[in-house]
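Every number in this text was worked out from the coordinates using simple rules, so none of it is lab data. Predicted model only: the values in this text are computed from it and were never measured. Neighbour counts run over all protein chains shown; Cβ positions are idealised from the backbone, glycine included.
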C-alpha cells in the first residue's frame, strides 16, 4: 500500500504512541497546534485589534466544514460547542405536541439518547429499536417496521455506532423517514472526517458533530447542520447578538433572526479552537476524505485478517454496507479494561467499548502499527 494520505510528520503523537483511538479524542496535528498558538498570541498582543482577520478565518472554517458535511453551502452550518448542543437545538427547538413520537436505536452514546428522553415531560414518546447480532446491526427494515407501527415525528440515529462501529445508510434511511412523514436527525461524529459525507444529497434534515474525533480538531467546538428547508422548523434557543441579521448594529434591538444557520449562534465565538478546527479541516481536504477512508479501511482489513486463527473474535460488522473506521474485538475471559491498560503500557492507545477492545486508526497510521497491535493482542491471550 502507498504512503498514508495524511503526513505522519504532522502528528507529534507518533513519536510517543501507537495511537488507534480516533473514535475517542484525537491527537492534534501540528499545523492545528500552530494555528491555535498563533491565534492566542495574536489576541494576547493585540486584543480586539486582532479580531477581524480571525473572523474571516472563522468563516473559512465554516465553509470548509460545509464541504465536509456535503451541505449546500455554509448557510446551512452553525458553529457549536459540541454534538450535544447541536442535537439539543433540534430536540428543544422543534414544536412538540403530546403524543408525538421519536424513534432511536438502543446502544447509542448517551448524548444521542438523552435529548430525546428529556422530552418525556412534554408527552413525547421515545420508541427504542434494539440492534441485533454481535455487530449491533440496524437494517433498514427495523426502522421501517417501527415507522409503520404508528405516526412518527422524528428518527434520531448515529451515522456510525460508537462502540462497535455499525454504519447506517443515511440516504436510504432519510428516504424511508420522509416517506413516512418523519424527520431525520443524525449524530455524525463517528464518521465525519473519515467517511465521504453528502448530507444534502442524502436528504438528512439535521446533523451535528464535534471536531475532536475523526475531524482531527480540538475539543469544545463543532458543526451543526440544518437543511435550509428546515431552518424555520427550529426555534433558536440561545438568541444573542450573533443570531440576528443586523449583528454588528448593537443599537438595533429588533429580534430579526439571521436568514441562515447562524441564527443558532448566540454570542461570541471561541476563535482559538475554531482556528485549530479549520486547519484540521484543510488537512483532510488536501488529503482527500475518500483517500483517507480507503487507507483506514485497508488497515482494518489487515487487522481483521491478522486475527484469524487467534482467540479474538471481531464483533464489528465488516460487510461493505456496515463497515466503518471502528473495529471492536473480544476474546473469551479477557477483560477489555484490563487489556486496554496492558496495551497502554506498551504505548498502544485503544479503548474499552462495547464489551471489547475498540480499535480506530486514521489516515496517518500504518500497516506496521497494525502489526504491532496484532502482536500485542496475541500476547495478551497466551
From fewest to most C-beta neighbours within 10 Å, the residues 84, 175 line up as 175, 84
How do the peptides 262-270, 211-219, 10-18, 46-54 rank, highest first, by the average count of neighbouring beta carbon atoms within 10 Å per residue? 211-219, 262-270, 10-18, 46-54
Quick check: pseudo-label points 7 Å beyond the Cα along Cα→Cβ at residue 380 and residue 298, how many nm apart are they? 2.6
Apply 1/(1 + (r/R0)^6) to the Cβ-Cβ distance of residue 14 and residue 95, taking R0 = 45 Å, and write down the FRET efficiency to the nearest 0.05. 0.35
What whole-number distance in Å separates the alpha-carbon centres of segment 352-382 and segment 1-64? 26
Rounded to the nearest Å, what's the spacing between the alpha carbon centres of segment 70-104 and segment 163-209? Just the number, please. 13
Point-to-point label distance, residue 48-residue 63, nm (Cα→Cβ direction, 7 Å offset): 2.7
Treating every alpha carbon of the chain as one equal point scatterer without solvent, the Debye formula yields log10 I(q)/I(0) values at q = 0.07, 0.14 Å⁻¹ of -0.32, -1.21
With a bin width of 5 angstrom, please list the P(r) values of segment 170-223 as percents of all Cα-Cα pairs, from the 0 bin to the one holding the largest distance. 5, 21, 27, 20, 13, 9, 4, 1
Once the convex hull of the alpha carbons of segment 1-128 is built, what does its volume come to per residue, in cubic angstrom? 206
Fewest-first sequence of 177, 321 by Cβ atoms within 10 Å of each Cβ: 321, 177
log10 of Debye I(q)/I(0), alpha-carbon scatterers only, for segment 194-236 at 0.16, 0.29, 0.30 Å⁻¹: -0.52, -1.03, -1.05
Please list, short to long, the whole-number percent of alpha-carbon pairs of segment 231-295 in consecutive 10 angstrom bins beginning at zero. 19, 31, 25, 19, 5, 0
Work out the P(r) tail for segment 197-342: percent of alpha carbon pairs separated by more than 22 Å, whole number. 61
Per the helix-only model, the chain has a calculated mean residue ellipticity at 222 nm (DSSP H runs of ≥4, -39500 (n - 2.57) each, divided over all residues, rounded to the nearest 500) of -11000 deg cm²/dmol
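Arrange the following residues from fewest to most other Cβ atoms within 10 Å of their Cβ: 280, 111.
111, 280
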Length gain on complete extension for the stretch residue 250 to residue 25, per 0.36 nm per residue less the alpha carbon to alpha carbon distance? 77.2 nm
Using Cα pairs under 8 angstrom and six or more residues apart, how large is the relative contact order of the chain, in percent? 24
To the nearest 0.05, the calculated FRET efficiency linking residue 127 and residue 321 through their beta-carbon distance, R0 being 25 Å, is 0.60
Compactness check, segment 270-382: C-alpha Rg relative to the 2.2 N^0.38 Å globular estimate gives 1.18
Across 10 Å bins from the origin, how do the percents of Cα pairs in segment 104-183 run, short distances first? 17, 53, 28, 1
